[in-house]
Amino acid sequence: MVLSILKRSALGAAICAAMIGNAAADDVVKKAEAELARYRAIPKFEAPGAPFDAKACMAGKKILSVPASSTIPFLSTINKATARLAKDIGFHFQVWENQGQVSQWVQGLNYGASNKFDLIEMLAGADPRAVEPQIKAARAAGSKVVAAHLTGFEQAVPGGADGVVPIDYKRAGELLGWWAIGRTGGKVNALVLIVSGALSTDSMMDGFKEIMAKNCPSCKHAVIDAPVSEWATKIQPAVQAALLADPTINAIVPIYDSMVQFVLPALTITGKAGRIPIGTFNGTPFVIGLVQSGQVEMDIGENLDWIAHGVLDSHMRRLCGLGEIKDPKIPLLIFDKSNAATAGKPPVDSKGYGDEYVAGFRKLWKLQ
Amino acid sequence: MTSAKREDANRAAQGPDKGQVWIDRGERYGLIVAWLAVIAIFGAIRPEVFLSWANFSTIFGSQAVLVVVTLSLIIPLTAGDYDLSVASVLTTSSMLVAVLNVTHGWPIGAAILAALLVALLVGVANAAIILYFRIHSLIVTLGMGTFMHGVTLWFSDSQTISGIDLTLVTAVIATRLFGIPLAFYYALIVALVIWYVFGHTAVGQRLLFVGRGREVARLSGIKVDRVRFGALVASAGLGGLAGVLYAGTTGAADPSSGMTYLLPAFAAAFLGATSIVPGRFNAIGSVVAVYFLVTGITGLSILGVSTYVQDLFYGAALIVAVALSQLVRGREERLT
């Protein structure tokens, strides 16, 4: 009799614990959904600072951009948009075209310094830590050197540069974490693909890990680290091996969306195509196309034209003595099956984010 | 006759001794033994995963592109020429398939034919410049590869293009035979054709003679330039085929990533030359070399080691295999 009661009590306790556990999992899934929902709506324009007369303050000034590589469409699109804005405002803007070699960045910095550019921008991956002596020389020659779209809000100015125009990479990492939690019902066993050494990776992974640690301590993730130059040869076999080694992997998170191209064949070959969801970051048009076709579930995008406006706003304020902008207010937008079509068919850069920001910046810069 | 000469004559009359036979076999099949050893080691550590058919079908099915690139390299290498443009041809070919099919709406068959035609034209250009101006193939193909990379960046507008006709994806990796994607069998067919041509046809023999000594080949009546021309065009054609397989594997194409196949393919070609027909670039040895390297890397990935360890394995395997082969060759020379 006593034994029977004890057994029933134990069973009851186990059921209660399971119910409490399920309720907690439901709560965290709801929380994840709420976090993601905020980023599905077309973003509103927020001014990064007070209005100023851009034409007056930029008259006679010169900016040189040294992108990580001109062959990366992401960067050439931003550069083209900035060139358009510079023409409109009326100052000299030049791009140091290069193919991603550090020696070419060195040339760019030397050119900027010797030609008295007021500001030299190292754009999105052109890492100041690789060219510290040249930055020192450029600053000594009177140029301000700014790393744009490289660091997260919480990271320090790298490589002796004057400053940064940060991006909320940490928030992007957090959203990837929330997506994984929501998609797996709070039972994440994710495969995360990273590129170590990049400041943006550090920031995104900090965000991802924090969300996991705070909201889903029992969740786990494995990491595959592949340098950009070896994506074609390393990602596919590494993902295949990981899926074979752990068949319970239930989400794949390539933190940069161009990695997806090499993840998809791994899923097909291991017979898991369409069974493991992919969530990623960048909003590259071809990946939004994969969202449209259902091969990728979520892509967190950035509007390249908005980046050009936000970064330039920050540079102009720095050159005109209007202070340093801590948050250029460049928003993130989640593309999934609910809104991927708004990016166009086939998707194109900067589409789907609305255009309120264009008028917003023009008003902010007193161009109208 | 000196005593040394008498010993040599006796040895020749008796045929190769047992030790020599075993050395020959060791060299010929050493890489296969090493491959089996790698399988045994990883199989012992993670038997439930590594020894599964799913793992082997994945290993075989996912490296067809690398196999075809490696095979494309061994043709000019046998004739004494280098083709450093093959990775660029691969990239151009895959990108052309994507641009013509997705952006311009060409049927996939026509896009593939156009890509292969362009690849062959690059081979013709390589050969014409090398043979007419008598410039080393290393220089010409390096320049041509860089030039084609620029062309690819230009016509693709540096964009990655997805959404290639699913017919190609189905024909390359989605359809399976014995659980292995068809891409593997395409690569195998290419290997068998090259094996047959190299070992059982006059063309193969001429290729080898030209590679071993152009002057001797010329004096023997072989049309050396014609042989070298054919080898370079065949290499580019196979590079184009590799590009089609690459596009079919990923269902997309980008203007840069295919370039990374060049060094692994050269590594596999040189590693393959240490086995099956030691001292010669050979098709079966190349295929074994690719799968030996891929098996090792897959095993390391399954164990979860960092990717830099894969590079260590790749580099060390190549150096050790070639060094051992040279060691055996040295012994062989002393024995005979």
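Yes or no: B:Val244 more than 14 Å from chain A (Cβ to nearest Cβ), without any contact (Cβ under 8 Å) to a residue 12 or more places away in the chain, β-branched (Val, Ile, Thr) and in a helix (DSSP H, G or I)?
Numbers: more than 14 Å from chain A (Cβ to nearest Cβ): yes; without any contact (Cβ under 8 Å) to a residue 12 or more places away in the chain: no; β-branched (Val, Ile, Thr): yes; in a helix (DSSP H, G or I): yes.
So B:Val244 fails the test.
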(request) Check A:Lys337, A:Lys345 and return the single one that is over 26 Å from A:Ala147 (Cα atoms), away from every other protein chain (no Cβ under 14 Å), over 19 Å from the mean Cα position of the chain (by Cα) and surrounded by fewer than 17 Cβ atoms within 10 Å (Cβ to Cβ). (result) A:Lys337
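So how many residues does the stretch A:35-78 have that are of a type outside the set (A, V, I, L, M, F, W, C) and either touching a Ser or Thr at 6+ places or on another chain (Cβ under 8 Å) or assigned to a helix (DSSP H, G or I) (or both)?
To start, the set of residues in the stretch A:35-78 that are of a type outside the set (A, V, I, L, M, F, W, C) comprises A:35, A:38-40, A:43-44, A:46, A:48-49, A:51, A:53, A:55, A:60-62, A:65, A:67, A:69-71, A:73, A:76-77.
Subsequent filtering for residues that are either touching a Ser or Thr at 6+ places or on another chain (Cβ under 8 Å) or assigned to a helix (DSSP H, G or I) (or both) retains A:35, A:40, A:48, A:55, A:65, A:67, A:70-71, A:73, A:76-77.
Of the residues in the stretch A:35-78, 11 are of a type outside the set (A, V, I, L, M, F, W, C) and either touching a Ser or Thr at 6+ places or on another chain (Cβ under 8 Å) or assigned to a helix (DSSP H, G or I) (or both).
Is one or more of the residues making up the stretch A:123-135 more than 26 Å from A:Gly152 (Cβ to Cβ) and either out of contact with any Asp or Glu (no Cβ under 7 Å at 6 or more places or on another chain) or without any contact (Cβ under 8 Å) to a residue 40 or more places away in the chain (or both)? So that I can check it myself, show each step before the final result.
Residues of the stretch A:123-135 that are more than 26 Å from A:Gly152 (Cβ to Cβ), as a first pass: none.
Taking every residue of the stretch A:123-135 in turn, none turns out to be more than 26 Å from A:Gly152 (Cβ to Cβ) and either out of contact with any Asp or Glu (no Cβ under 7 Å at 6 or more places or on another chain) or without any contact (Cβ under 8 Å) to a residue 40 or more places away in the chain (or both).
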(message) Between B:Leu182, B:Leu192, B:Leu238, which is under 20 Å from the mean Cα position of the chain (by Cα) and free of Cβ contacts under 8 Å to residues at least 12 places away in the same chain?
(response) B:Leu182
(message) Kindly evaluate A:Thr270 against the criterion of being within 14 Å of chain B (Cβ to nearest Cβ), of a type in the set (Val, Ile, Thr) and surrounded by 20 or more Cβ atoms within 10 Å (Cβ to Cβ).
(response) yes
(request) Residue by residue through the stretch B:281-308, note down the ones that are part of a helix (DSSP H, G or I) and at pLDDT below 80. (result) B:Thr307, B:Tyr308
(request) Go over the candidates B:Ile302, B:Ile276 one by one and state the one that is farther than 30 Å from B:Leu113 by Cα and facing chain A (nearest Cβ under 10 Å). (result) B:Ile302
(request) Could you tell me whether B:Leu312 is surrounded by 22 or more Cβ atoms within 10 Å (Cβ to Cβ) and assigned to a helix (DSSP H, G or I)? (result) no
(request) Take B:Gly150 and decide whether it is within 14 Å of chain A (Cβ to nearest Cβ), surrounded by fewer than 18 Cβ atoms within 10 Å (Cβ to Cβ) and over 22 Å from B:Gly248 (Cα atoms). (result) yes
(request) Could you tell me whether the stretch A:275-288 includes any residue that is part of a helix (DSSP H, G or I), out of contact with any helix residue (DSSP H, G or I) (no Cβ under 7 Å at 6 or more places or on another chain), over 30 Å from A:Ser76 (Cβ atoms) and not hydrophobic (A, V, I, L, M, F, W, C)? (result) no
(message) I'm trying to understand the selection: among the residues of the stretch B:162-185, which are within 12 Å of chain A (Cβ to nearest Cβ) and in a loop (DSSP other than H, G, I, E, B)?
(response) B:Gly163, B:Ile164, B:Thr175, B:Gly179
(message) Against the conditions (1) surrounded by fewer than 19 Cβ atoms within 10 Å (Cβ to Cβ); (2) small (Gly, Ala, Ser); (3) in contact with a Phe, Trp or Tyr (Cβ under 6 Å, 6 or more places away or on another chain), where does B:Ala54 fall short? Just the number, please.
(response) (3)
(request) Identify the single condition in (1) among the aromatic types (Phe, Trp, Tyr); (2) within 14 Å of another protein chain (Cβ to nearest Cβ); (3) part of a loop (DSSP other than H, G, I, E, B) that B:Phe56 does not satisfy, given that it satisfies every other one. (result) (3)
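Taking the stretch A:281-303, which residues are on the phi < 0 side of the Ramachandran plot, in contact with an Asp or Glu (Cβ under 9 Å, 6 or more places away or on another chain) and within 13 Å of another protein chain (Cβ to nearest Cβ)? Walk me through how you get there before you give the answer.
Residues of the stretch A:281-303 that are on the phi < 0 side of the Ramachandran plot, as a first pass: A:281, A:284-293, A:295-303.
Retained after the next criterion (residues that are in contact with an Asp or Glu (Cβ under 9 Å, 6 or more places away or on another chain)): A:281, A:284-288, A:290-291, A:296-301, A:303.
Within the stretch A:281-303, A:Thr284, A:Pro285, A:Phe286, A:Val287, A:Ile288, A:Leu290, A:Val291, A:Val296, A:Asp299 qualify.
Can you tell me which residue among A:Ala161, A:Ala147, A:Ala81, A:Ala137 is among the small types (Gly, Ala, Ser), out of contact with any Phe, Trp or Tyr (no Cβ under 7 Å at 6 or more places or on another chain) and in a strand (DSSP E or B)? Give the derivation first.
Working: A:Ala161 fails: in a strand (DSSP E or B); A:Ala81 fails: in a strand (DSSP E or B); A:Ala137 fails: in a strand (DSSP E or B).
The conditions single out A:Ala147.
The values are calculated or read from the model by the stated rules, or taken from the named source; none is laboratory data. Predicted, not measured: the structure shown is a model, and the values here were computed from it. Neighbour counts are summed over all protein chains in view; Cβ atoms, including those assigned to glycine, are modelled from backbone coordinates with ideal geometry.
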